[in-house]
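All remarks here apply to the structure that follows.
The values are calculated or read from the model by the stated rules, or taken from the named source; none is laboratory data. Worth saying up front: this structure is predicted, and the values here are computed from it rather than measured. For neighbour counting, all protein chains shown are included, and Cβ atoms are generated from backbone atoms with ideal geometry for every residue, glycine included. Each accessible area value is taken on the protein alone, full model and side chains, heavy atoms only, with ligands, DNA and RNA left out. Shrake-Rupley method; radii C 1.70, N 1.55, O 1.52, S 1.80 Å.
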Amino acid sequence: MKKVYKILTVFFIMITVMLMNVSGEVKVQATEQNVDVWDGGVDISWYDSSNIKTSYDILNAKQFAGLAQLVNAGEDFDGVILNLTTDIDLNNIEWTPIGGSNRFTGATFNGNGHTIMNLTVTADTNFFYGLFGWTQNVQLNNIIVKDGNIIANGGEVGMLVADMIGNSNVYQCYTSGTVVFTDGIADAVGGVVGQIYNDSDGSYASIKESGSSVSITSDQAGQYGGIIGWVSTYDNSLFEITDCYYAGKLTVSDPGAATNGIAGIAVSIIGYGFPDNPSGEYKIINCYVSGIVENTGDTTSALGIALVDGTVSNCYWNSALGIVGVQQMTWDKANAGFIQGTGQTTSTEEKSLEAFKSSDFLATLNNGGTTWGILNNNSEYPYPLLTWQLKAFAADYALVDQALGKVPADLSIYTVETTNALNNAIVGVIRGKDASEQSLVNSYATMIETAIQQLEYKPADYTKVNVATAKVPLDLNIYTDESVKELNNAINAVVQGKNITEQSIVDGYAKAIETAINQLKYKSADYTKVNEAISKVPSDLSIYTDTSVNELNKSLEAVEKGKNITEQEVVNGYATAIENAISNLKKKTIVVDGIDVDDNKKDNKVVKATSTDDRTNVSLLITMLIVSGGILILKYKSSSKGI
């Protein structure tokens, strides 16, 4: 098997890669607490070969070094689960990979999100370079290798694991640091895994939800990849790499040579992916490259994603690189050369780094899920990270705090319903979330902002307006048109539906109505009847008795001008009084020759007329005249008879 790899590496060159994150190293752990620093010592007391347990907790650096010693001494951990319980600082002391001289087989190693930092592997006696070396059917989960340093001069190199065989899987792992390949031919060099080989029919291997910002540099021939250098499958076996990213710098400077004109291959996600048998299958799905991939010895040999014969879908690379993304090729055993492959490439394209920052790109990677997220306000790496990585960071509550800063100081002016909704949004904020839940934290801010926007003012109090309106006289016909118009204008100016912030306006409506009511002016009373009555007054009142004329004059003098319509009866009374006084005028009495004469006239002889007011005197006079006349008549009759 190794010979096959050696033969293939002769045809290809991949050059060293100095992984330098375009925007800086992806710091997947915000703080390092309870870090156990290795002093080079070894502790294997936790393991008893005569009583092998199903699981072990690795509590410190010495026990972790003990695991390496036990595996390399040939102890079998098949079926055993190993759990790392603390962060470990290997202190740049030379490390012997777990599985350096014997295979690490059948085990599951759970890093539980802990960080192993300052790994150093430089010994030129190694063939396998990495935290783990030669492994088979292992599961490596949730491990962070930070600031590793590997210097290799041949063999297989992976910052996490150098070589994986069979049903081997990497899940939720991240690596950073540097790999320098100095001499010899690199069988396979990857930022996470050096090589995976599916060695049995129906086997399955994968790398999922993992990333790397390892810097890889080399001037030697070989296979290099930002995530994995080499993959080979067996009959009916499957290898897939999904939801991975490379953010480092991979630089190779050996032009090399390859059959069919492919030389000095440098790829970011996978170095090779050629099945030993056509029934093997490769899948590279939902990955992206924000880092740098280049072959300075042959600029045409660098690929953005992979040289592969398989399915490549929804993958993206940095458009600034100016390189092709995918080459679909396969190995022709008969002719010992590469021919055009039959794999399919879909939804795979170059994008700008600016596009990688966008919410649209994040949505594209997630495709309805939540595997990816972006760390808010991260200037070092503003591109998508895996959600599990974000758990090491505190969520950013800046948007929440900004929203809270917009909450009005006085909520008493808003309706109970809308203030309750706002208070519920505020109370719903849960502090202490990690960055993997940033979208939830952002939703807190959104809910608060929305509740603020939906606050409704309490309605203004129209009581004063209603009280003022109730005072409007029922009959406005008795007031002048001008004053009624002013009142109607005040009433019509009232706008219903004002809120409490406009209370002064509403109160102004009430005041305007009150003022208009107070300024209503009655119409003037109608003096027509009075005038008609006055027009009937005789032009000569001298013929009437003083008493009746005096009564008439009193009625005329009683007339008071300027009365309003509410006093119309009084005015009408003036007319009635005048009419009555006119009707009651009495003419003076005229006596002619001792006889009352109508019209104060008799044979044009006018004698002294006595006022009927002197009726007693006149009556006495008349009586005396009658008596005197009677006496004269008797004397006359007597003289005529001769008496």
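Based on what the data block shows, is residue 81 under 24 Å from residue 146 (Cβ atoms), surrounded by fewer than 17 Cβ atoms within 10 Å (Cβ to Cβ) and among the hydrophobic types (A, V, I, L, M, F, W, C)? Taking the combined requirement at face value, the residue satisfies it.
Look at (1) outside any helix (DSSP H, G or I); (2) over 27 Å from residue 291 (Cβ atoms); (3) of a type in the set (A, V, I, L, M) and you find that residue 426 fails only one, number (1). Report, by residue number, each residue of region 532-545 that is touching a residue at least 40 places away in the same chain (Cβ under 8 Å) and either open to solvent by 80 Å² or more (accessible area, probe 1.4 Å) or within 60 Å of the chain's Cα centre (by Cα) (or both). 532, 536, listed by residue number.
Let me confirm something: among 606, 591, which residue is hydrophobic (A, V, I, L, M, F, W, C), open to solvent by 50 Å² or more (accessible area, probe 1.4 Å) and at pLDDT below 95?
Of 606, 591, the one residue that is hydrophobic (A, V, I, L, M, F, W, C), open to solvent by 50 Å² or more (accessible area, probe 1.4 Å) and at pLDDT below 95 is 606.
Highlighted here are the strands (runs of 3 or more DSSP E) found entirely within region 95-166 that include at least 3 residues which are under 43 Å from the mean Cα position of the chain (by Cα) and free of Cβ contacts under 8 Å to residues at least 60 places away in the same chain: 139-141. Scanning region 311-350 for residues that are among the polar types (S, T, N, Q) and at pLDDT below 85 turns up 327, 328, 330, 335, 340, 342. Regarding region 513-528, can at least one residue be identified that is open to solvent by 40 Å² or more (accessible area, probe 1.4 Å) and of a type in the set (Val, Ile, Thr)? Checked region 513-528: at least one residue is open to solvent by 40 Å² or more (accessible area, probe 1.4 Å) and of a type in the set (Val, Ile, Thr).
Scanning region 465-509 for residues that are in a helix (DSSP H, G or I) and either in contact with a helix residue (DSSP H, G or I) (Cβ under 8 Å, 6 or more places away or on another chain) or without any contact (Cβ under 8 Å) to a residue 60 or more places away in the chain (or both) yields a count of 26. Filtering region 343-356 to residues that are more than 16 Å from residue 286 (Cα to Cα) and either charged (D, E, K, R) or free of Cβ contacts under 8 Å to residues at least 60 places away in the same chain (or both) leaves 352, 354. Kindly indicate whether residue 503 is open to solvent by 70 Å² or more (accessible area, probe 1.4 Å) and under 60 Å from the mean Cα position of the chain (by Cα). In short, no.
Let's see how each residue does on (1) at pLDDT below 85; (2) hydroxyl-bearing (Ser, Thr, Tyr); (3) out of contact with any Gly (no Cβ under 9 Å at 6 or more places or on another chain); (4) open to solvent by less than 10 Å² (accessible area, probe 1.4 Å):
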| site | (1), (2), (3), (4) |
| --- | --- |
| 180 | no, no, yes, no |
| 185 | yes, no, no, no |
| 190 | no, no, no, yes |
| 194 | no, no, no, yes |
| 200 | yes, yes, no, no |
| 206 | no, yes, yes, yes |
| 209 | no, no, yes, no |
| 218 | no, yes, yes, yes |
| 222 | yes, no, no, yes |
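Of the residues making up region 429-439, none is modelled with pLDDT of 95 or more, open to solvent by less than 70 Å² (accessible area, probe 1.4 Å) and among the polar types (S, T, N, Q). Checking each residue in region 554-570 for being assigned to a helix (DSSP H, G or I), free of Cβ contacts under 8 Å to residues at least 40 places away in the same chain and not polar (S, T, N, Q) picks out 554, 556, 557, 569. When we screen 39, 57 for residues that are open to solvent by 70 Å² or more (accessible area, probe 1.4 Å), free of Cβ contacts under 8 Å to residues at least 60 places away in the same chain and closer than 16 Å to residue 108 by Cα, the only hit is 57.
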